[in-house]
Amino acid sequence: MTELERIRHSAAHILATAILKIWPEAQFAAGPPVENGFYYDVELTHRITPEDFSRIEEEMKAEIKANHLFERVEVTRADALAMAESGQLAALSGRDEPSKFKLDIVQRIPDGEVITLFRNGEFTDLCAGPHVMRTRNVGAFKLTHVASAYYKGDENNPQLQRIYGTAFKNKTEMAAYFEMLEEAKKRDHRKLGKELNLFTFDDDVGPGLPLWMPNGAALIEELEKLAKETEFEAGYQRVRTPHIARKSLYECSGHLPYYADSMFPPMELKMDEDTLREVFEFEDELRDTEQQIAAIEARLANKGDIELVEEERALEEWRIGREKTLKRIEEKRDQYSYYLKAMNCPHHHKIFGAVPRSYRELPLRLAEYGACYRYEQSGELFGLMRVRSMQMNDAHIYCTTEQFEAEFNAVNEMYLKYFKIFGIEKYLMRFSTHDPEKLGKKFVNEPALWLQTEDMVRNVLQRSGINHVEVPNEAAFYGPKIDVQVWSAIGREFTIATNQVDFAVPGRFGLVYKDSDNTEKTPLCIHRAPLGTHERFIGFLIEHYAGNFPLWLAPEQVRIITIGDDAPLADYAQALHAELRSHEVRASIDITSDNIKGKILHAEQRKIHTMLVIGHRDLEAGAVSVRVHGQGNLGARPRNEVVADILASIKERRNTGNS
């Protein structure tokens, strides 16, 4: 964890301590640091509201002032269970009822895993840490809001109260954060998305499924154009894959069953008559087998001291036959079980494996703006930032170990190029590695490959000088990953994309290439998505630019406004409009009956980047008067110069948004 995350994690424990001082019966579940602060989930008869915050915060201040040590204690599994059963975890002392959520968590901890507690003053909690040294290291904090959340995100579990807050090293940092939040409210992508007619949601379509309106679609088209040009120049090849696939594909990749909770439920299609007949025959065979097994088991149960070796051998054979028949039935049913695509990589792996591959073809870079669908919990949906359908700037690079460093570095350089185009000045790459103690559980059990690939990623980051931090125990299950975090113009932090190194799944798919020595080898795979998804990245851009997009990206790039509506002015405006449209500039003419001030005001409110105002003097001089949103009147210029400058600005993707 970073220093700030430790402060916030510790603040969550201080919050729990304070709540228990007021409501000793409170039961606690999880209390982690999150992107902008921390929370703790609590079960409590009393409904906590913002009116309770001042009382809770006073208790928190007292805990901080006491400057208690955060003490880490390792305990045995038996001790942890005993403490949970006696109500001593997430508590100030023992109580009459168990610490039920902590008991559930302890019971789920794998055997052999180290179990730790943290104490601060009277409060003891089940926690892996880390924390700050003492409570006074939490320099400033504030409770922010309350929400509801199901325990472990499962709607079949109890609904808890989630108390949110934030914390910082000092009051100055916290004041700057809340100033940023006030500005962020004005830039909220949900608010601006509605005002600028970029996207909408509809109950009949479903939550988390955005509908892109023409203005939003223009943003998408520009981003895809940028990505396709950049990737073509970098040697990528474009592919297309379907939106659904059989269950077997995701079982092969390992996403089923481990990722099933994040996928939409399967579509069970009707079997054709031949397949249905086969299934019925297998089921008849299965019933016969079950009868044989039952009969033999009955004879063996009544055999007394007589050894029935042949019977036992026959029983084992029948049991093996039963498993084979069950597998045949499952395989037949699975042929008619389809899932919406939650990720593109299994489909791309199939494309790689569709034809024999030679080392001469590597690195092979397959790119697709692929549509994916993920069943996010309804309580986690948030505008464009958390959705159920998304279009991902995805690509998979298949390469040799020797090619890896150059390829991974090229991906990072692509990020830096995009950062420059969008005026992103602050960024951080979180390099996530594995935990050797969790091999075979959370991470693929390939210790040598983990060390090798982590060293390769680390070397690339260090040699390139890219701003990064290393975070243990947060890698993907099949390899190390990099989460790309950026800061908007007002300093708000966003995670926009992830890069992953995959040394395991290509082998599961049997992907090989013929090397120069004529032996078959499995390639490494780099998963990368520099522009993330359209949904999340456009959400970021809306807030980054406050809706004032640069000319090349603006949904409506130019609006032509006439001072008057007589025929010569109208003809001049139409000719200018036709010229711009012939160059694929998104231009329009204001044909409303408003006066000039009203037309300009409306264009400013709609955040139209460039307004070309035409009066009789402009007509006579073959000129236009240029206004740029947020900059005002830039004066009259020759028409040809203005058009040339507009075209150049779009072609060069000048970052001239007024954020």
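The values are calculated or read from the model by the stated rules, or taken from the named source; none is laboratory data. As the structure is a prediction and not an experimental result, all values here were calculated from the model. Neighbour counts run over all protein chains shown; Cβ positions are idealised from the backbone, glycine included. The area values use the complete protein model at the heavy-atom level, side chains included, leaving out ligands, DNA and RNA. Shrake-Rupley method; radii C 1.70, N 1.55, O 1.52, S 1.80 Å.
At 7 Å along Cα-to-Cβ for each site, give me the label-to-label distance between Val469 and Glu74 in nm.
Once both label points are built, they end up 2.6 nm from each other.
Counting only C-alpha contacts under 8 Å and six or more residues apart, can you give the relative contact order of the chain as a whole percent? Intermediate values should be presented prior to the final figure.
On the way: 1137 pairs, mean separation 68.0, N = 659.
Normalised by residue count, the contact order of the chain is 10 percent.
In the range 1-50, what trypsin sites (Lys or Arg not before Pro) fall in a loop by DSSP, with at most 15 other Cβ atoms inside 10 Å?
Arg47
Mind pulling the angle between the C-alpha long axis of helix 401-421 and the longest principal axis of the chain? Nearest 10 degrees, somewhere in 0 to 90.
So the helix axis and the longest Cα principal axis differ by about 40 degrees.
Rounded to a whole number, what is D in µm²/s for the range 438-541 from Stokes-Einstein with the Kirkwood radius over alpha-carbon pairs (10 °C, 1.306 mPa s)?
D = 101 µm²/s.
Under the Kirkwood approximation applied to all pairs of distinct alpha-carbon atoms, what is the hydrodynamic radius of the range 102-158 in Å?
14.6
When only alpha-carbon atoms count, how far does the range 72-140 stretch along each of its three principal axes, as whole angstroms with the largest first?
Sorted largest first, the three principal extents are 35, 29, 16 Å.
Please work out the ratio of the alpha-carbon Rg of the range 1-81 to 2.2 N^0.38 Å and round it to two decimals. Each step should come with its number before you reach the end.
Numbers: Rg = 13.8 Å, N = 81, 2.2 N^0.38 = 11.7 Å.
Its radius of gyration relative to the 2.2 N^0.38 Å reference: 1.18.
Taking the square root of 5 times each eigenvalue of the Cα gyration tensor, what semi-axes in Å does the equivalent ellipsoid of the range 269-340 have, largest first? Mind dumping the intermediate values first?
Numbers: eigenvalues 238, 24, 13 Å².
After diagonalising the Cα gyration tensor, the semi-axes are 34, 11, 8 Å.
Any idea what log10 I(q)/I(0) is at q = 0.17, 0.19, 0.23 Å⁻¹ for the range 570-659, Debye with uniform C-alpha scatterers and no solvent?
So the normalised log intensities work out to -0.75, -0.96, -1.45.
Summing +1 for each Lys or Arg and -1 for each Asp or Glu, what net charge is found among the other residues whose Cβ lies under 11 Å from the Cβ of Val239?
Surrounding charge for Val239 is +2.
From the alpha carbon gyration tensor of the chain, can you work out the equivalent ellipsoid semi-axes (sqrt of 5 times each eigenvalue) and give them in Å, largest to smallest?
Taking √(5λ) for each eigenvalue gives 52, 38, 25 Å, largest first.
Report the extension gain between Glu122 and Leu181 in nm, rounded to one decimal, defined as 0.36 nm multiplied by the number of residues separating them, less their alpha carbon distance. It would help to have the intermediate numbers written out before the result.
Working: separation 59, 0.36 × 59 = 21.24 nm, distance 3.45 nm.
Contour length minus the Cα-Cα distance gives 17.8 nm.
From the mean inverse distance of alpha carbon pairs (Kirkwood) and the Cα radius of gyration, derive Rg over Rh for the range 326-368.
Rg/Rh for the range 326-368 comes to 1.16.
How many Å² of accessible area per residue for the range 386-451, probe 1.4 Å?
Spelled out: the 1.4 Å probe surface of the range 386-451, per residue, equals 43 Å².
Run the quick spin-label model on Leu286 and Glu437: label points 7 Å from Cα toward the beta carbon, then report their separation in nm to one decimal.
Between Leu286 and Glu437, the label points sit 4.3 nm apart.
Can you tell me what percent of all Cα-Cα pairs in the range 158-310 are more than 21 Å apart?
The answer is 79 percent, as a whole percent.
How much of the calculated P(r) for the range 557-615 lies past 16 Å, in percent of all Cα pairs?
37
Where in the range 442-478 does the amide nitrogen come within less than 12 Å of the point 7 Å from the Cα of Leu416, taken along Cα to Cβ?
The answer is 461-467.
Calculate, for the range 1-120, the solvent-accessible area per residue in square angstrom, rolling a 1.4 angstrom probe over the heavy atoms of the protein chains.
On the way: 5500 Å² over 120 residues.
Accessible surface, normalised per residue, equals 46 Å².
Given a 1.4 Å probe and every protein chain left where it sits, what share in percent of the accessible area of the range 367-459 is carbon and sulfur? Mind dumping the intermediate values first?
Details: 1890 of 3870 Å².
Roughly 49 percent of what the probe reaches on the range 367-459 is carbon or sulfur.
Could you tell me the distance between the Cα centroids of the range 398-424 and the range 1-45, to the nearest Å?
Rounded to whole Å, the Cα centres lie 39 Å apart.
So if I take the centroid of the Cα atoms in the range 594-615 and the same for the range 434-500, what is the distance between those two points in Å?
First find each Cα centre; the distance between them is then 48 Å.
Give the angle, between 0 and 90 degrees and rounded to the nearest 10, that separates the Cα long axis of helix 273-301 from the longest principal axis of the Cα atoms of the chain.
Between the helix axis and the principal axis of the chain, the angle is about 30 degrees.
Report the Cα centroid-to-centroid distance between the range 279-295 and the range 207-248 in angstrom, as an integer.
The two parts, judged by their Cα centres, are 50 Å apart.
At a 1.4 Å probe, what is the % contribution of carbon and sulfur to the accessible area of the range 219-328?
52
How high is the relative contact order of the range 521-602, in percent, with contacts defined as C-alpha pairs under 8 Å that are six or more residues apart?
Relative contact order here is 26 percent.
Once you list every other residue whose beta carbon is under 14 Å from the beta carbon of Thr656, what net charge do they have if Lys and Arg are +1 and Asp and Glu are -1?
Working: positive: Lys420, Lys607, Arg627, Lys651, Arg653, Arg654; negative: Asp645, Glu652.
So the environment of Thr656 carries a net charge of +4.
Pairs Lys152/Lys327; Lys350/Lys442; Lys100/Lys169: which are spaced more than 27 Å apart, C-alpha to C-alpha? List each step's numbers first, then the result.
Values: Lys152/Lys327 32 Å; Lys350/Lys442 25 Å; Lys100/Lys169 33 Å.
Beyond 27 Å: Lys152/Lys327; Lys100/Lys169.
If you rank Met213, Met263, Met83 by how much accessible surface each has, with a 1.4 Å probe, what is the order from largest down? Kindly include the intermediate steps, with their values, before the conclusion.
On the way: Met213 65, Met263 5, Met83 30 Å².
The most accessible residue leads, giving Met213, Met83, Met263.
With a sphere of radius 15 Å drawn around the Cβ of Asp202, what net charge do the other residues whose Cβ falls strictly inside it have (Lys, Arg +1; Asp, Glu -1)? Intermediate results must be reported in sequence, preceding the final value.
On the way: positive: Arg190, Lys194, Arg388; negative: Asp203, Asp204.
Around Asp202, the charge tally is +1.
Between their Cα atoms, which of Lys247/Lys514; Lys194/Lys607; Lys225/Lys420; Lys65/Lys142 are more than 19 Å away from each other?
Those over the limit are Lys247/Lys514.
Can you compute the helix-only [θ] at 222 nm over the chain? Use -39500 (n - 2.57) per DSSP H run of at least 4 residues, normalise by all residues, nearest 500 deg cm²/dmol. Working shown, then result.
Numbers: 20 runs with 270 residues, N = 659.
When only DSSP H runs of four or more count, the value is -13000 deg cm²/dmol.
Which FRET efficiency value, to the nearest 0.05, do you get for Ala644 and Ser588 by plugging their Cβ-Cβ distance into 1/(1 + (r/R0)^6) with R0 = 35 Å?
My answer for the efficiency is 0.95.
Summarise the accessible area of the range 37-162 (1.4 Å probe, protein heavy atoms) by the percent that is carbon and sulfur.
On the range 37-162, the fraction of accessible area on carbon and sulfur atoms equals 46 percent.
From the P(r) of the range 528-632, can you give the percent of Cα pairs sitting at distances over 25 Å?
Pairs farther apart than 25 Å: 27 percent.
Taking only protein heavy atoms and a 1.4 Å probe, what accessible area per residue, in Å², does the range 452-578 have with all protein chains in place?
For the range 452-578, the per-residue accessible area is 33 Å².
Mind pulling the angle between the C-alpha long axis of helix 3-22 and the longest principal axis of the chain? Nearest 10 degrees, somewhere in 0 to 90.
Between helix and principal axis, roughly 70 degrees.
Quote the FRET efficiency, to the nearest 0.05, computed for Glu297 versus Leu326 with a Förster distance R0 of 25 Å and r equal to the Cβ-Cβ distance.
0.90
Please figure out what share of the DSSP beta bridges in the chain is antiparallel and state it in percent, rounded to the nearest 5.
Antiparallel: roughly 85 percent of the beta bridges in the chain.
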